[in-house]
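The structure appears below as structure tokens.
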Amino acid sequence: MFDLPTITIKDEQNYRRFHNFLIKNGFIMQQYSVYSKLVLNRTQADSIKRILRSKVPEKGLVQCFDLTEKQYANIEYMAGVGQSKILSNDKRWVEV
């Protein structure tokens, strides 16, 4: 998981560089700024963490944690039902 600033042009460049690093190294997006990667064993996980540490931008926060395959399989995905209300008056239609 990561939270990187995008205030300055340099921040945006660092964000893109880190994001591209994740994609090129086999990470998949679970949610915005939350990526995962399947590894075979603890040695490989430690190696990836070491590489990640070297790629973390100076500003921002990157958090990394391990889940076993069993824990990952037990993730429960919940999504609410989208609601749409149409408000109207004589001048225009607004969809919320």
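Nothing in this text is a laboratory measurement; each read-out follows from the coordinates by a stated rule. The structure displayed is predicted, hence computed values, not measured ones. Quick reminder, even Gly has a Cβ in these numbers, built from the backbone with ideal geometry, and neighbours come from all protein chains shown.
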The extension gain from E12 to M78, computed as 0.36 nm times the residue separation minus the Cα-Cα distance, is 20.6 nm
Distance in nm between A45 and I23 label points, each 7 Å along Cα→Cβ, equals 2.7 nm
For the pair R53 and M1, the simple spin-label estimate (label points 7 Å beyond Cα toward Cβ) gives in nm 2.1 nm
The alpha-carbon center of the range 3-25 and that of the range 63-77 are separated, in whole Å, by 25 Å
